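The values are calculated or read from the model by the stated rules, or taken from the named source; none is laboratory data. Since the model is a prediction, treat every value here as computed from it, not as a measurement. No Cβ is skipped: glycine too gets one built from the backbone with ideal geometry, and neighbour counts run over all protein chains shown.
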């Protein structure tokens, strides 16, 4: 389930791990992966497409559709060998260095967990969130 909290109130990764490791299904888990997305200075177009317009990111407006995020988590939990999937998404006006998202996936073996983390983060980024970069010239 996607957790909605105010800006900068990211949950503790340690607390998340502690909670899932005490769940009964943890007995079948051999791996946990965490993704912590952060606002970076380099524009998405430069990183992904090599397009350099001479600007730098100073922040972003970030939002998400919680129903779609919850559906993405539910879909991830149906993947082979996956027993845990948790998501926290930030919201509002963020600056460089702010946390955008936190994702935790736990499962039986490395290939299943890696695939599930990649699937879930991709689904969140492509279908559940809105990001509007704020830029200034370098």
Quiz prompt | Single unsatisfied condition, residue 32 versus (1) at pLDDT below 90; (2) outside any helix (DSSP H, G or I); (3) closer than 27 Å to residue 106 by Cβ | solution = (1)
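Can you say whether residue 109 is surrounded by fewer than 15 Cβ atoms within 10 Å (Cβ to Cβ) and in contact with a helix residue (DSSP H, G or I) (Cβ under 9 Å, 6 or more places away or on another chain), as far as the supplied structure shows?
When the stated conditions are applied, residue 109 does not pass them.
Restricting the search to region 46-57, which residues are farther than 30 Å from residue 86 by Cβ and in a helix (DSSP H, G or I)?
Answer for region 46-57, where residues must be farther than 30 Å from residue 86 by Cβ and in a helix (DSSP H, G or I): 46, 49.
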Self-check item: Pick from region 78-91, criterion without any contact (Cβ under 8 Å) to a residue 40 or more places away in the chain and over 15 Å from the mean Cα position of the chain (by Cα), ranking: surrounded by the most Cβ atoms within 10 Å (Cβ to Cβ)
Solution: 82
Quiz prompt | residue 27, sole failed condition from (1) assigned to a helix (DSSP H, G or I); (2) touching a strand residue (DSSP E or B) at 6+ places or on another chain (Cβ under 9 Å); (3) loosely packed, with under 14 Cβ neighbours inside 10 Å | solution = (2)
Quiz prompt | Top-ranked residue in region 100-128 [being in contact with a strand residue (DSSP E or B) (Cβ under 6 Å, 6 or more places away or on another chain) and not in a helix (DSSP H, G or I); ranked as farthest from residue 62 (Cα to Cα)] | solution = 107
Quiz prompt | Which listed residue, of 94, 17, is surrounded by 14 or more Cβ atoms within 10 Å (Cβ to Cβ), in a helix (DSSP H, G or I) and touching a strand residue (DSSP E or B) at 6+ places or on another chain (Cβ under 9 Å) | solution = 17
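What about residue 99, is it in contact with a helix residue (DSSP H, G or I) (Cβ under 8 Å, 6 or more places away or on another chain) and within 30 Å of residue 137 (Cα to Cα)?
no
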